[in-house]
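Down below is the structure, laid out as C-alpha cells.
No value in this document is a laboratory result; all are computed from the given coordinates. Here the structure is a predicted model, which is why all the values come from computation and not from measurement. Heads up, the Cβs are rebuilt from the backbone with ideal geometry, glycines too, and the neighbour counts pull from every protein chain shown.
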Amino acid sequence: MELEKFEINKYLELEEFKIRISNSQLLKFFKKTYDRTVLIFNEIQQNKKKNLQIVEEETNPILWQCGHIVYFYKKHCRYHFDINLENKFFLNNALDFYDSYKKKLEFRYNKNKLLKFDILLDDYKNLYNIIYKKVESGDITNKHTYVLMLSILHNEMHIEALIFTCLNMNYNLPNFISIKLTNLGLRNFNKKIIDDIEFVKVKSGSFIQGSRSNSYYLSFDNERPVFRKYVDSFQMSKYPITESQYLQFVLAGGYNREDYWTEESWNWKLKNEINCPLYWQLDKLELRNTNYPVMNVSWYEAQAYCKWGGYRLPKEYEWEYVATNRGNTVFPWGDKMESKNCNLNYTINGPLEIDDSRLSFENNNLGVKQLIGNIWEWCEEPIYPYDGFSIDPIYREMSYPFFGFKKICRGGCFAVPDYLIHSRYRNAQMPDCRIQFIGFRVCIKKEEINIKNIRKARRDKIHKTINL
C-alpha cells in the first residue's frame, strides 16, 4: 500500500533513514550516476538495428528498463523536489506502465506504451537539472537526501541490469561491456592454473548482523533491523570458484548426473536444455581452463557443483560474518571504501582472475579474498526478512514480494558503483537466474570435516602404535 506524503515525511524523520553524507557528496554521486546513465542510453541507441525489446533470458525489455529509471525519479522525488508530472512522459497512464509492481513482465512489451529514447533522455536530463539545483541550493533536509540517494542507487541497479541484458542480446556497449567477455581469445593463457580449492578456517563467535541506523550509507529495508547472531566454526574457500575448477564438474559429466541435482533443478535443466554455464560452448571448453571466477551460473548449478564436490554454499550469515570481520568493519578490509583495490565502478567491465595483482588488497583479516566486487556470490538461503522488518516507506517493492522465492547473493560485481555496495548489502535473484554476473564460493560440509578428523586420528593412532 502506497503512503501519503505526510506519512512518508513522518517515517523519514526516524533515525534509520538518516544518512550522514554532505550535500557535495550527494551531488558527486548524482553526477556520476547521471553521466553513466546518459552514456549507456546513447550507446544503446547506437544498436538501432538490434531489437530493443526481445531478450533470450526472462528479463525486462530494454526500453521499459530505461523508462523505469526515469519513472522512479518522477514518482518518488516529485514531492520533495517540486517535479511537475504534466508532460509527455506521463500521458496514457505511463506512470502505472513503468511501475514494476503494477505491470507484469509479459505486459511490458506494449509498443503503444513504450516511449522512444529521445523522450526518455530529454526527461531524464530535465529531472537531473531540477534536482541538482535544489540540492546545490542547500535548501534540503535529510528526507531529500534519503529519497534522492534511494533513487540514485535504484538507477545504478538498473544500469547493471541494462549491461547484462545487452550482453545477452549481443549489443555493442564499448564503455560497459569488455570485449574479453565476448572474445575469449583475448584472454591470457600463459599462467599457472589454480586447480585446488584453498580453504580458510573461521572460528566460531557472535556478531551483529544487518545495517545500523544513522549510517554514512543508505541501508535498504531488508538489511534492518540489526540483531546478534551466533556462528559455528566453518571453513570457507579463500577465493570464488574458478572457471577451471568448475570445468572439472562439466567434464566429469556433472550436467548429466541426476543425483547431483534436486528434482526442481533437474526439471529446469532438462526443460531448458542446460548443459554448461551461460555463454560457454561445449566444443570450446578448453577456453574456460582459466583462473577467472566462474559466473553466469544459476543457484541450481552452484548447488549441483557443491553436491558433486562434497561442499555447500555459504550461509548468508557466514558470508557477512567473514566480510565484516565478525561484525567489526563495514568492508572486509576496514571501514572506508577502497575502490581502487576492488573490481568495481565499471573500470574493467569484466571479471579479473582471482590471482590478479590488482585484487591483492581485497581481503579480510582472516585472509578470505575478493568478497567485494568482481562477481556476485550465491549464498545457500532464500531471502527472508530479519525479525522486526519494516517495509520501506518509499521503495515498497524492494524486498517483500520476493521473500522466500529469490536466493541471496552478496558482494557486488564489476558492474556496480562503490557507493552501492558494502558487506551488509543484500541482493537476491531467482534460483534459475544466469544472466546476472553471479558466481559462488564454497564451504566444507561439517560431516566432511568430521570424517577428515576421524581419519586423521586413526592414522595418528596407527603411526603411534608402529613407533612403539
Self-check item: Dipole of the chain [Lys/Arg +1, Asp/Glu -1 at C-beta], most positive-end residue of ILE140, ALA94, TYR305
Solution: TYR305
Quiz prompt | Approximate spin-label separation ASP122-GLU397, in nm, with each point projected 7 Å along Cα-to-Cβ | solution = 2.7 nm
Quiz item: Order of GLU377, GLU362, GLU16 from fewest to most other C-beta atoms within 10 Å?
Solution: GLU16, GLU362, GLU377
Exercise. For CYS379, list long-range residues whose amide hydrogen, built 1.01 Å from N in the peptide plane, is under 5 Å from its own amide hydrogen.
Key: ILE408, CYS409, ARG410
Self-check item: Helix-only [θ]222 nm of the chain, DSSP H runs n ≥ 4, -39500 (n - 2.57) each, per residue, nearest 500
Solution: -11000 deg cm²/dmol
Quiz item: What residues have an amide H closer than 5 Å to that of GLY334, excluding those fewer than 5 places away on the same chain, when H is modeled at 1.01 Å from N in the peptide plane?
Solution: none
Quiz item: Between ASN341 and LYS111, how many nm apart are label points set 7 Å from Cα along the C-beta direction?
Solution: 5.4 nm
Quiz item: Taking +1 at the Cβ of each Lys and Arg and -1 at the Cβ of each Asp and Glu, which of SER219, SER265, GLY253 sits farthest along the dipole of the chain towards its positive end, judged by Cα position relative to the Cα centre?
Solution: GLY253
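Between ASP196 and MET430, what's the calculated FRET efficiency when r is the beta-carbon distance and R0 is 35 Å? Round to 0.05.
0.65
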Practice problem: Calculate, for ASP387 and ASN188, the FRET efficiency according to 1/(1 + (r/R0)^6) with r their C-beta to C-beta distance and R0 35 Å; round to the nearest 0.05. | Solution: 0.15
Quiz item: Rounded to the nearest 0.05, what FRET efficiency is calculated for PHE227 and GLN248 with R0 set to 41 Å and r the Cβ-Cβ distance?
Solution: 0.55
Self-check item: Alpha carbon centroid spacing (whole Å) that separates the stretch 106-166 from the stretch 175-189
Solution: 30 Å
Practice problem: Rank CYS443, LEU114, CYS276 by how far each Cα sits towards the positive end of the charge dipole of the chain (+1 on Lys, Arg Cβ; -1 on Asp, Glu Cβ) and give me just the farthest. | Solution: CYS443
Quiz item: Normalised by the number of residues in the stretch 382-444, what is the relative contact order in percent for Cα pairs under 8 Å and 6+ residues apart?
Solution: 33 percent
Self-check item: Spin-label pair GLN25/ILE130, simplified geometry with 7 Å Cα→Cβ offset, distance in nm
Solution: 2.8 nm
Quiz item: When only Cα pairs under 8 Å and 6 or more residues apart are kept, what is the percent relative contact order across the chain?
Solution: 18 percent
Practice problem: Rounded to the nearest Å, what's the spacing between the alpha carbon centres of the stretch 411-440 and the stretch 225-272? Just the number, please. | Solution: 17 Å
Quiz item: Taking H as built 1.01 Å from N, whose amide H comes closer than 5 Å to the amide H of THR242, not counting residues under 5 places away?
Solution: VAL294
Exercise. Quote the charge dipole size of the stretch 276-414 about the Cα centre in Debye, to the nearest 20; the model charges only the Cβ of Lys and Arg (+1) and of Asp and Glu (-1).
Key: 40 debye
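Using the Cα centre of the stretch 105-154 as the reference point, and only Cβ charges (+1 on K/R, -1 on D/E), how large is the resulting charge dipole? Debye, rounded to the nearest 20.
The dipole of the stretch 105-154 has a size of about 140 debye.
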Quiz item: Between TYR279 and ASP99, what length in nm is gained on full extension when 0.36 nm per residue of separation is reduced by their alpha carbon distance?
Solution: 61.7 nm
Quiz item: With charges set only on the Cβ (+1 for Lys and Arg, -1 for Asp and Glu), what does the dipole of the chain come to about its Cα centre, in debye to the nearest 20?
Solution: 860 debye
